[in-house]
1. Take region 320-371 and flag every residue that is at pLDDT 85 or above and of a type in the set (G, A, S).
2. Among the candidates E400, E385, single out the residue that is assigned by TED's automatic domain parsing to the domain that holds L312 and touching a helix residue (DSSP H, G or I) at 6+ places or on another chain (Cβ under 8 Å).
3. Which residue, of L245, L271, is in the same structural domain as N207 (by TED's automatic domain parsing), surrounded by 17 or more Cβ atoms within 10 Å (Cβ to Cβ), touching a helix residue (DSSP H, G or I) at 6+ places or on another chain (Cβ under 6 Å) and more than 23 Å from G173 (Cα to Cα)?
4. Could you pull out the residue among Y91, Y116 that is out of contact with any Pro (no Cβ under 8 Å at 6 or more places or on another chain), in a helix (DSSP H, G or I) and over 18 Å from W182 (Cα atoms)?
5. Quick one: would you say Y310 is in contact (Cβ under 8 Å) with a residue 60 or more places away in the chain, touching a Leu at 6+ places or on another chain (Cβ under 7 Å) and not hydrophobic (A, V, I, L, M, F, W, C)?
6. Taking region 171-185, which residues are acidic (D, E), under 15 Å from I201 (Cα atoms) and touching a Phe, Trp or Tyr at 6+ places or on another chain (Cβ under 7 Å)?
7. For region 426-449: of the residues being surrounded by fewer than 17 Cβ atoms within 10 Å (Cβ to Cβ) and β-branched (V, I, T), which is modelled with the highest pLDDT?
8. Within region 352-372, does at least one residue satisfy the condition of being in contact with a Ser or Thr (Cβ under 9 Å, 6 or more places away or on another chain), at positive phi and in contact (Cβ under 8 Å) with a residue 24 or more places away in the chain?
Amino acid sequence: MADKSEDFTGLLNSIDEITELIYVSDLETYDLLYMNKAGRKAFSSNAAAGGKCYQVLQKRDSPCPFCTNQVLHTDKSYGWEFTNPVTGRHYFLKDRLIEWQGRLARLEIAFDVTNYEKEKNELRYALDSQQIVLDCIKILYQERDLDKAINCVLQMIGQYLSADRAYIFQIRGDKMDNTYEWCREGVLPQIDFLQGLDPSIVVPWQNELDNHQCIIMKDIEDIKGERVYDVLSPQDIQNMVIAPLEENGRINGYFGVDNPPHEKIRNIVSLLETLRYFIMVTFQRHADEQRLQHLSLHDTLTGVYNRNKYTLDIPEITKSRGPIGVVYLDFNGLKETNDCYGHYYGDQALKRCSECMRLVFEEANLYRTGGDEFVIISSQKSQEEFLKLVRTLKDSLAKEQLPVAVGAQWQESAENLRNLITLADRAMYEDKQRFYETTPTPNPLTRRPRDSSLSQEPKA
């Protein structure tokens with residue numbers, strides 16, 4: 001019959017062939033008593049060389065603070081996970097208290113689950129990224145204040161990616177401005193220094209950007225000598241990822257982050273690619289809303305405010321303090337002009353009238369309240385100043401041969417503004433009546449226009 005030493009040697013030989021890492025260490029002294037072949041290969045260590053387990057396995061000078069010796073039992077195993085700093089691999093560990101050659105010892109089997117952990121982390125990152133994207137989309141969709149929405153999204157992305165900065169640049173004409181910025185606490189804001197840049201500084205990445213690709217710069221030193229390096233270097237940027245923003249197929253800005261951890265860079269691209277689309281949509285929606293807002297409050301022909309704006313403004317102006325003046329204007333014979341020469345010529349006359357108003361009453365509110373009616377509301381002018389402007393306006397209209405009836409009223413307070421408008425309207429009708437009483441023939445607009453081209457509508 002084989003003796004115990006032979007049995008023990010056979011056991012070690014069997015364990016030595018196991019592909020998992022296995023070691024045994026003294027429970028009290030931490031001496032490394034045994035390590036199988038897989039362990040010796042992973043840690044470049046020979047079991048015969050001895051040493052403390054914390055020295056060989058963890059490169060530490062003292063016992064590990066996370067050592068499990070105190071929780072081990074002989075009748076059950078203790079499982080836990082750990083990323084080893086020596087091998088750089090992630091392990092699932094099974095520890096157990098055993099008797100080893102007459103002494104209590106720790107037996108540990110390490111299962112390398114690095115790939116599984118990597119896949120798990122990638123899945124977790126994907127799910128987290130998906131949630132971040134959904135949260136950002138929700139903000140962009142629900143928040144009507146554009147600046148607030150963009151700044152909130154930049155903060156969420158910057159914090160999630162552990163970046164120093166998250167920002168947006170917008171190209172306006174031949175200049176590029178940093179319009180939005182979030183900075184991690186302790187990072188110096190750069191937005192004030194990044195205005196009026198030449199958009200062509202991105203030339204090193206032009207091909208990628210033209211193909212709608214994100215730019216990944218892992219080391220700023222790779223572009224040393226380029227103009228963009230001189231912009232980025234003073235900002236203490238080591239790496240960055242930027243995504244192009246577009247409008248109608250043309251690049252009109254950039255969305256990016258500075259100094260995210262290197263291990264996150266690879267996964268940032270898909271996140272920025274998705275979010276840049278919704279940011280572009282948000283900018284476009286805001287621009288469309290502004291255009292609609294403008295159209296809802298402005299007259300499309302003359303560019304002055306329309307009746308909607310007039311209706312909204314009257315209650316607010318009534319609350320204001322200080323003197324107020326109202327000018328009411330109405331064309332004489334505009335219908336006859338349109339019937340005789342066409343609406344295009346009549347439209348040109350209305351535009352010329354509004355231009356006269358704009359040039360004379362530069363600081364006043366100008367409204368087209370009807371087809372041929374205008375109202376001017378001028379604040380903070382003395383009676384003398386107001387009446388002088390009215391005379392100048394009448395002279396300007398006469399010079400342009402625009403037969404416009406004008407009525408004006410002024411008072412020291414905006415209180416009872418509606419009554420003041422009524423009085424100006426009556427004065428306008430009195431002026432209109434005098435015009436028709438003193439003009440035996442149709443008004444000058446119905447004569448042959450000075451520029452005959454104005455009487456013809458533009459050809460399509």
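The values are calculated or read from the model by the stated rules, or taken from the named source; none is laboratory data. Given the structure is predicted, the values throughout are model-derived calculations rather than measurements. Backbone-built Cβ (ideal geometry, glycine too); neighbour counts: all protein chains shown.
1. Answer for region 320-371, where residues must be at pLDDT 85 or above and of a type in the set (G, A, S): S320, G322, G325, G346, A349, S354, A364, G370, G371.
2. After applying the criteria, what remains is E400.
3. When all the criteria are applied, what remains is L271.
4. None of the others qualify; the one that does is Y116.
5. Taking the combined requirement at face value, the residue does not satisfy it.
6. D177
7. T438
8. Within region 352-372 (the criterion being in contact with a Ser or Thr (Cβ under 9 Å, 6 or more places away or on another chain), at positive phi and in contact (Cβ under 8 Å) with a residue 24 or more places away in the chain), the answer is no, since none of the residues qualifies.
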